[in-house]
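Below: one structure, written as structure tokens.
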Amino acid sequence: MRFLRAWIAAVILSGLGYLLFMWLGLAYPPLRLFGALTQLLGVPKLFQLVHAVFGLGQGGKIFAFSGVALLWLGGLTVLGGLWRGQIAGLVTFVLGLIFTPWYIALGYGLAFWFILDAVNLWLAPRIGAVTLRPAPADSGRRTTTLALAAGGAAVAGGGLSALFRDPGAAAPAAASIVPGPPLPFGVTPVSQWYYVSKNLEPFDPKVNGQSWKLAVGGLVRTPLSLSLADLKSFAPVTEELTLSCISNPVGGPLISNGIWEGFRLSELLKRAGVQPGAKYLLWEAADGYTESLPLGRALADDVLLVHTLNGQPLTPKHGYPLRVLIPGRYGMKQPRWITRITLAARDVPGYWVQRNWSKTALVELTSRIDVPAETSPVVKAGAAGFIRGIAFFGDQPISRVEVTTDGGKTWQAARLVTPRSKYAWTPWELPWTPSAGSYQIAARAYSGATVQKKADSDALPEGATGYHHFIVNVS
Ligand SMILES: Nc1nc2c(c(=O)[nH]1)N[C@H]1C(S)=C(S)[C@@H](COP(=O)(O)O)O[C@H]1N2
Ligand SMILES: [Mo]
């Protein structure tokens, strides 16, 4: 029972902490712990294992966060079950110092002490010291009722916090339901866009568009603070661009193509006036994500700040109100929910760079077979059809795609569908009417003299290479 009471206190503490995190942006220890643990996911062996077991994208992070929640709630429960509030609070404070600022650790230590004492006082059948009366017969039932009440309160708190969420952030999500004009061929609808985040989705920032400001500072002549309305003063730019996650394996789903609207970063930098000593541009985002870019790359005309995807304001999930686009780089170089741009003399490695991923994250030349699908590689004999897919090389053009159906003995050139933008993937197709049998199919792409690398390499740290290949059964 002592441990059940400690667990209830731990749940109340975590619920309160989550609300403070949502409303005031106070550091949330489980999230800090999670951030520390994701460092481990940068260890190649561990990365491979987690992705093999939990799949691509957010799977590994859900696993890591469950581990953290278990550590956090379990740890507090053991603390509170073994010791009285004072000591449990003290230990919480000391451990908290490892991964949160001292005042947060102190707050958590004190809060846990008081909550634990309060819960123990309420729920413990008061024998001895205070009244000396025997435990009431219904104490078990009372504990259960209170546990349910605490659980209910936590759920209600979650619901309330959802209600109090920024209306400005909810609006674009709702707006994206309105059917727009049909998307051109090869453009990924927002609802099907791949999603990767350092956060678990419930912890992604929900930025308030009304109060949001983009700060531009550091080595600039005129520091800026721009609201959403201020952004309208920059010349609008529309660009079709494919984004891919560096952790996407060859043939994987973490790649999408969209039509973006925004403006040139170079125009904003011109307005702020870059000072001579500046060598790097540092990004900060509302979720604490950071990235950096050499100034030379940042000043190029193709780097955009965008607020619209496929004709709709960015959804909160994909970066509302503003995100970065850098052609030729993997998604990790391109923060969502940006809040601050700093011009600096020295580089500060970004969030994933600190976790052993590539510093430059230049896109590898790659191609993927979509039809027949690797997940159901069965085709009817004699039916006229196609092998279809996409090829992509960041900001460099695809000049040729070849397909083999005999495990690489012979290759045939596919027909390329000319992309509308040089930053978009290139769809391709090859007519194929196979007779019954088993076929080892694969694709490889070219960009001028550059051929897609044949050697399989893992995504960590530079992005995956190799041919997308699998066996198709025709009958
Ligand atoms: N602020 C912030 N920006 C971020 C990330 C993040 O976790 N936080 N993840 C990056 C990564 S690794 C990728 S692949 C892309 C994914 O963008 P999408 O989910 O909108 O497709 O966002 C990038 N920008
Ligand atoms: Mo990514």
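The values are calculated or read from the model by the stated rules, or taken from the named source; none is laboratory data. Nothing here was measured: the structure is a model prediction, and the numbers come from that model. All Cβ positions, even for glycine, are placed from backbone atoms using ideal geometry, and neighbour counts span all protein chains on display. These area figures cover heavy atoms from the full protein model, side chains too; ligands, DNA and RNA do not enter into them. Shrake-Rupley method; radii C 1.70, N 1.55, O 1.52, S 1.80 Å.
Observations
- Cα-derived Rg to Rh of the chain, Kirkwood definition: 1.06
- Averaging the sequence gap over all C-alpha pairs within less than 8 Å and six or more residues apart, then dividing by the number of residues, gives the chain a relative contact order of 13 percent.
- Near the amide H of THR315, within less than 5 Å, lie the amide hydrogens of TYR320, all on another chain or at least 5 residues away, with H placed in the peptide plane.
- Angle between the chain longest axis and helix 2-24 axis [Cα atoms, degrees, rounded to 10]: 60 degrees
- Potential lengthening of the chain between PHE386 and THR450 amounts to 20.5 nm, from the contour at 0.36 nm per residue minus the alpha-carbon distance.
- Our coupling estimate for the stretch 432-441, obtained by passing each phi through the Karplus curve with A = 6.51, B = -1.76, C = 1.60 and θ = phi - 60°, is 8, 10, x, 8, 4, x, 10, 10, 8, 9 Hz, Gly and Pro reported as x.
- Extension gain for LYS279 to SER211 (0.36 nm times residue separation, less C-alpha to C-alpha distance): 21.4 nm.
- In the chain, the longest principal axis of the Cα atoms and the axis of helix 44-54 are about 80 degrees apart.
- Placing dummy labels 7 Å off each Cα toward the beta-carbon, the span from LEU295 to ALA124 is 6.4 nm.
- Placing a pseudo-label 7 Å from each Cα along the Cα-to-Cβ vector at LEU106 and TYR195 gives an inter-label distance of 3.9 nm.
- In this rough spin-label picture, where each label sits 7 Å from Cα along the Cβ direction, the ALA229-PHE470 distance is 5.2 nm.
- Accessible area in the full protein assembly, largest first, 1.4 Å probe, for PHE386, PHE392: PHE386, PHE392
- Helices in the chain, meaning DSSP H runs of at least 4 residues, each add -39500 (n - 2.57). Divided by all residues, the mean residue ellipticity at 222 nm is -10500 deg cm²/dmol.
- Under Karplus coefficients 6.51, -1.76 and 1.60, residue-wise ³J(HN,Hα) of the stretch 292-299 in Hz, glycine/proline x: 9, 8, x, 4, x, 5, 5, 7
- Using alpha-carbon coordinates, inclination of helix 102-123 to the longest axis of the chain, degrees: 50 degrees
- Under the criterion of Cα pairs below 8 Å and six or more residues apart, the relative contact order for the stretch 190-355 equals 28 percent.
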